Amino acid sequence: MKINKTIYYFLLGATLTVGTTSCSDYLDTEPLTDRAVPNNDTPYTKADEAEGLMTVIYTDLGNEYWQLDYFFNGDAQTDVAHAGSDNIQNFQIDEYRIIATNSNVNRDWNYLFRFINNCNKVLNYVDNIPDPALTNARRSEMKAEAAIMRAMYNFHGVQLWGDFPLVTKAVVGVNADNFDEVYSQVYPARKPVNEVYAQIISDLEGALASAPASSNKYRATRGLALSLLAKVYATKPNPDYAKVLDYTTQLMGQGYSLLPNYDHLFDGAHEANAESIFESNGNAGTIWAWGSSMFFGTDWKKFNTPSYDLVNTFNTENDLVRKNSSIWVSPTTVDWSDNFWPSSAFPFMNKMRITTGHQNFYVMRYADLLLIRAEALVRQGNFTDAATLVNQVRARANSGLTPVTIANTDDGINKILKERKLELAFEGHRWFDLKRTGKAIEILSQQKNAAGNLLPYVNNLNQNRLLWPIPQTQLDNNPNLTQNPGY
């Protein structure tokens, strides 16, 4: 059988690993050769090669997806932030008018599959490494970490696109014998949402026994697996709230706690703290944290401009502690204005404020999961215990905030969503929170400006727009993909 060179070229591109240091860097997929590489079950032979594969998984947190797009996608599509900057691709996302040729959507699709491929290298090949320096315990731990990270990326993908391809093999070579397997992995079809969630849950539950201890904040630990399981069971079709409570109960036994001072979460002096479940270790080295400069600073108009709606929610709640940690208003006039803010009082996202390459950010923290648990309690009709958790988070933020009471399910979901908005603004959660709770269209269709007028684009949002389009480039390259409705 003749090898399909297009597949081979794609394989070589998919297995390249490059560092991303700015939002304009892109993966170079130019083929290195047209020679077919023999299939090999042991492409890696040394313990240090395995450790190198693990390093790549974590340095992916320095990639453009994590440094910019994840936070933009989670908040600029909502009432937390406007697109900011001047990129028309971002404006499409912000205003619910994405088209299939949007380059940001395409790059995020590519990034997620690159990250999944890096996880698959560990899952597929680490057991075959003959080096005795690589102990069986470390192999199991590596595979658990990779499985947790792969599950997280599939979770991102299924929430953004719905039906999503499941790629479980990192193909390092193609020949006549493995051509069919290679084809199914390089040109995968989308799998139904329920099947994707089943794979995510299998990866996470299978990783629990061997995952690192929850005390390590920079690795995919047991605590991260428990957190993801709780979120997955709350998000998947036909949520299982008993499972959410089970996994958050286990999480609460892992030694996490809320920091007494809310701003200590973001001041750069309290990294890897008791509230952190998993965070990026911005060290100006293996992870150069350039993303802060995308959101903070007066040298140019940044992304994720805080919305009037968010500022008004903070003010109405008299929640100045979290407002000041989340939003910084320039004391000097900037060189621009927009339809939302004057140049003399222009606001910026403030949670990522360190611009030396050393900024950490949270992928998961404990307050988020306490509120997920409260959400599950509300769905089960336990309004008293749900309110207790919400008030625990509120009291940490500001002891002067009025405690909430919950009257019924809808009241509880609305109050938890507001609390999540105040607590987690600019951490990339809002879009997914609104979709998970079925409140996205109801809430986002009511976005207003400071004058009380509906924003002109809110009517663009409809049920189809809750999912992104499959990128046209991917459809052109892969005959097995199908487009989402409405695109």
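The values are calculated or read from the model by the stated rules, or taken from the named source; none is laboratory data. Predicted model, so just to flag it, every value in this text is computed and none were measured. Every residue, glycine as well, gets a Cβ built from its backbone with ideal geometry; the counts of neighbours run over all protein chains shown. Please note that ligands, DNA and RNA were not included when accessible areas were found on the heavy atoms of the full protein model with its side chains. Shrake-Rupley method; radii C 1.70, N 1.55, O 1.52, S 1.80 Å.
Descriptive notes on the structure:
- Options 348, 340: the member that is open to solvent by less than 80 Å² (accessible area, probe 1.4 Å), part of a strand (DSSP E or B), closer than 22 Å to residue 78 by Cβ and touching a residue at least 40 places away in the same chain (Cβ under 8 Å): 348
- Inclusion of residue 5 among residues that are modelled with pLDDT of 95 or more, farther than 28 Å from residue 424 by Cα and not polar (S, T, N, Q) is not warranted.
- Once the stretch 76-97 is narrowed to residues that are open to solvent by 10 Å² or more (accessible area, probe 1.4 Å) and among the hydrophobic types (A, V, I, L, M, F, W, C), the residue that is farthest from the chain's Cα centre (by Cα) is 88.
- Conditions (1) in contact (Cβ under 8 Å) with a residue 40 or more places away in the chain; (2) assigned to a helix (DSSP H, G or I): number failed by residue 127: (1)
- Qualifying residue in the stretch 417-431 (condition: surrounded by fewer than 15 Cβ atoms within 10 Å (Cβ to Cβ) and in contact (Cβ under 8 Å) with a residue 40 or more places away in the chain): no
- Residue check, residue 260 touching a residue at least 60 places away in the same chain (Cβ under 8 Å), under 19 Å from residue 432 (Cα atoms), over 18 Å from the mean Cα position of the chain (by Cα) and in a loop (DSSP other than H, G, I, E, B): no
- In the stretch 313-329, the qualifying residues are those that are free of Cβ contacts under 8 Å to residues at least 60 places away in the same chain and of a type outside the set (A, V, I, L, M, F, W, C), and the one that is surrounded by the most Cβ atoms within 10 Å (Cβ to Cβ) is 323.
- All positions within the stretch 68-120 that are among the aliphatic types (A, V, I, L, M) and over 20 Å from residue 337 (Cα atoms): 68, 93, 98, 99, 100, 105, 112, 116
- Just so you know, in the stretch 191-210 the residues that are over 20 Å from the mean Cα position of the chain (by Cα) and surrounded by 16 or more Cβ atoms within 10 Å (Cβ to Cβ) include one that is farthest from residue 233 (Cα to Cα), and it is 210.
- Of 104, 118, 194, all but one fail to be within 26 Å of residue 363 (Cα to Cα) and without any contact (Cβ under 8 Å) to a residue 40 or more places away in the chain; the exception is 104.
- Hey, residue 224 touching a strand residue (DSSP E or B) at 6+ places or on another chain (Cβ under 6 Å), at pLDDT 95 or above and assigned to a helix (DSSP H, G or I) or not: yes
- Of all the numbered requirements in (1) over 22 Å from residue 56 (Cβ atoms); (2) out of contact with any strand residue (DSSP E or B) (no Cβ under 7 Å at 6 or more places or on another chain), residue 189 misses one, and that requirement is (2).
So that you can scan it fast, the table gives a plain yes or no per residue for (1) over 27 Å from residue 277 (Cβ atoms); (2) at pLDDT below 95; (3) open to solvent by 20 Å² or more (accessible area, probe 1.4 Å):
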{"site": "74", "(1), (2), (3)": "no, no, no"}
{"site": "99", "(1), (2), (3)": "yes, no, yes"}
{"site": "102", "(1), (2), (3)": "yes, no, no"}
{"site": "113", "(1), (2), (3)": "no, no, yes"}
{"site": "138", "(1), (2), (3)": "no, no, yes"}
{"site": "148", "(1), (2), (3)": "no, no, no"}
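- Here the stretch 459-487 is the region considered, the condition is being closer than 23 Å to residue 69 by Cβ and without any contact (Cβ under 8 Å) to a residue 24 or more places away in the chain, and the residue that is most open to solvent (accessible area, probe 1.4 Å) is 476.
- When residue 407 is tested against (1) open to solvent by 10 Å² or more (accessible area, probe 1.4 Å); (2) under 29 Å from the mean Cα position of the chain (by Cα); (3) of a type outside the set (S, T, N, Q), exactly one condition is not met: (2).
- Scanning the stretch 187-221 for residues that are within 30 Å of residue 477 (Cα to Cα), in a helix (DSSP H, G or I) and of a type outside the set (Ser, Thr, Tyr) gives 193, 194, 195, 196, 198, 199, 200, 201, 203.
- Filter result for residue 166 (open to solvent by 10 Å² or more (accessible area, probe 1.4 Å) and within 30 Å of residue 485 (Cα to Cα)): yes
- Matching residues in the stretch 380-435 - criterion: being touching a Ser or Thr at 6+ places or on another chain (Cβ under 9 Å), within 22 Å of residue 324 (Cα to Cα) and of a type in the set (Val, Ile, Thr): 416
- Residues in the stretch 355-401 that are hydrophobic (A, V, I, L, M, F, W, C), open to solvent by 40 Å² or more (accessible area, probe 1.4 Å) and touching a residue at least 60 places away in the same chain (Cβ under 8 Å): there are none.
- Looking across 118, 124, one residue alone is on the phi < 0 side of the Ramachandran plot, modelled with pLDDT of 95 or more and open to solvent by 30 Å² or more (accessible area, probe 1.4 Å). It is 124.
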